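First up is the structure itself, then whatever we jot down about it.
Taken together, the values in this text are just the output of simple stated rules run on the coordinates, not laboratory data. Since this is a predicted model, take the numbers as computed values, not measurements. Cβ placement follows ideal geometry from the backbone for every residue including glycine, while neighbour counts extend to all protein chains displayed.
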Amino acid sequence: MNSIEWNRQALILLDQTKLPVSEEYIHCTDWRQVAEAIKMLRVRGAPAIGVAAGYALVLAAREAAAQGDRDEQFTTFFEFANTLKATRPTAINLAWAVERVCALVRTSVTIDGHDDQTVSLADCIDRIEEEAIAINKEDLALNSAMAKAGAGIFEGRRGLRILTHCNAGALATAGIGTALGVVRELHANGQLSMVYADETRPLLQGARLTTFELHQDGIPVTLLTDNMAAYAMQQGLIDAVIVGADRITTEGDVANKIGTYGVAVLAKAHGIPFYVAAPYSTFDFTLASGKDIPIEIRDSREVTHFQGCQTAPDGVPVLNPAFDVTPHEYVSAIITEAGVLYPDYTKSIARLHKEVQER
Ligand SMILES: CSC[C@@H](O)[C@@H](O)C(=O)COP(=O)(O)O
């Protein structure tokens, strides 16, 4: 079974906080359960939380349509949508999916620029569900397109050793993954020798999730702690870095899991190319500079404790940003479902935007 599945009554999520020790599924019949699952990283990875949010809005619409008058129902629905959107502020795919569904609802009740009173929220539910399914299916398809585009960078090369950070794989998307989608394609082509997976402190998405899914698929993977990446590069063990992204600005600055920026700086210092794989839905066309990306700050307990075990003294102040921003100067290329973007990113990203808008 997939890590995200919709059976029309419930959203079934693989609880990623339990991996790799146990495979447990949560049946969400209330959008609040999905919001909690997103907040607690039971479902995580920017594209995956966008897909989950789409289905959560079906549950939210069903609930809102069952109470109050027509206006109250729409108000309640949009309030639910806003609450959902706020659960994780950095991953723009979440806001993108929520906005996409809300825009559809607004369009459905608008006629000649006016509110069409004959359309109720209940009338919109099927359309919301179709949109959620479309977001899911699109993500599945674009992962494969991105994998092929990314593998194209390495044409004619074999024995590749790729370092990745966090988990940008099947668990983080509805398909084969973004960064790990490219890795899977390289493996299928016989071009991959080894994936080096950063452990990814503090929540160990690399150790728990990346090694888990690659291991399951028989793809060679070696785990290293974050502070070993410099050593691995210095030893000549890494040919390229490929990571995912949570938000990319129009100048090509990239927000991704905390620690990514450090890896990018190391890669540049060692002359190793640093690639980012992300779909169109990860671009924020309203922001130019990465300095304006909101960074999610998470509970200090994630740093002072691990799986219930205390690892720091009581009361010690903690800094726990969940993401950092890699400035575009460190990014060798951005792999998308529509092809590979190279610097000057202001130009190549604008071209991508125009192409998608004109489709
Ligand atoms: C295809 S997933 C891309 C990113 O979302 C991923 O690299 C990442 O940073 C995930 O962070 P997480 O906090 O686990 O949701």
Q. Between I12, L59, T29, whose Cα lies farthest towards the positive end of the dipole of the chain when Lys and Arg beta carbons carry +1 and Asp and Glu beta carbons carry -1, centred on the Cα centre?
A. I12
Q) Dipole of the chain, Cα-centred, from +1 at each Lys and Arg C-beta and -1 at each Asp and Glu C-beta, to the nearest 20 debye? A) 1060
Q | the range 118-224 - Rg (one decimal) and Dmax (whole number), Cα, Å | A | 17.3, 62
(Q) What is the sum of charges, Lys and Arg at +1 and Asp and Glu at -1, for the other residues whose Cβ falls under 15 Å from the Cβ of L163? (A) -1
Q: Report, for the chain, the % of DSSP beta bridges that are antiparallel, rounded to 5.
A: 55
Q) Could you give the dipole magnitude of the range 250-359 about its Cα centre, charging the beta-carbon of Lys and Arg +1 and that of Asp and Glu -1, in debye to the nearest 20? A) 180
Q: Would you work out which of A170, A81, L237 lies farthest towards the positive end of the dipole of the chain, given +1 charges on the beta-carbon of Lys and Arg and -1 on that of Asp and Glu, about the Cα centre?
A: L237
Q. Where the convex hull is taken over the Cα atoms of the range 277-352, what is its projected area averaged over directions, in nm²?
A. 7.0
Q | Dimensionless Rg/Rh of the chain - Kirkwood Rh, Rg from C-alpha atoms | A | 0.98
Q. What full-extension length gain, to one decimal in nm, is calculated for T107 and E355 as 0.36 nm per residue of separation minus the Cα-Cα distance?
A. 87.0 nm
Q. Amide H of F283: which non-local residues (sequence gap of 5 or more, or other chain) have their own amide H closer than 5 Å, using H built in the peptide plane?
A. I248
Q.
For the chain, what is the number of Lys pairs with C-alpha distance below 30 angstrom, counting only pairs 8 or more positions apart or on separate chains?
A. 29
Q) log10 I(q)/I(0), Debye, Cα-only the range 144-358, no solvent, q = 0.10, 0.15, 0.17, 0.18 Å⁻¹? A) -0.42, -0.94, -1.18, -1.31
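Which trypsin sites (Lys or Arg not before Pro) in the range 5-65 pass both tests, a DSSP loop state and at most 14 other beta-carbon atoms within 10 Å?
Values: sites: R8, K18, R32, K39, R42, R44, R62; in loops: R8, R42, R44.
Sparse-neighbourhood loop trypsin sites (Lys or Arg not before Pro): R8.
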Q. So how far, in whole Å, is the C-alpha centre of the range 322-339 from the one of the range 185-252?
A. 15
Q.
Using only the Cα atoms of the range 138-187, what semi-axes does the equivalent ellipsoid have when each is the square root of 5 times a gyration tensor eigenvalue? Give whole Å, largest first.
A. 19, 13, 6
Q. Considering only DSSP states other than H, G, I, E and B, which GluC sites (Glu not before Pro) in the range 81-190 qualify as loop sites with at most 16 other Cβ atoms within 10 Å?
A. E155
Q: For the range 4-142, count the residues as N, evaluate 2.2 N^0.38 Å, and divide the Cα radius of gyration by that value, please.
A: 1.04
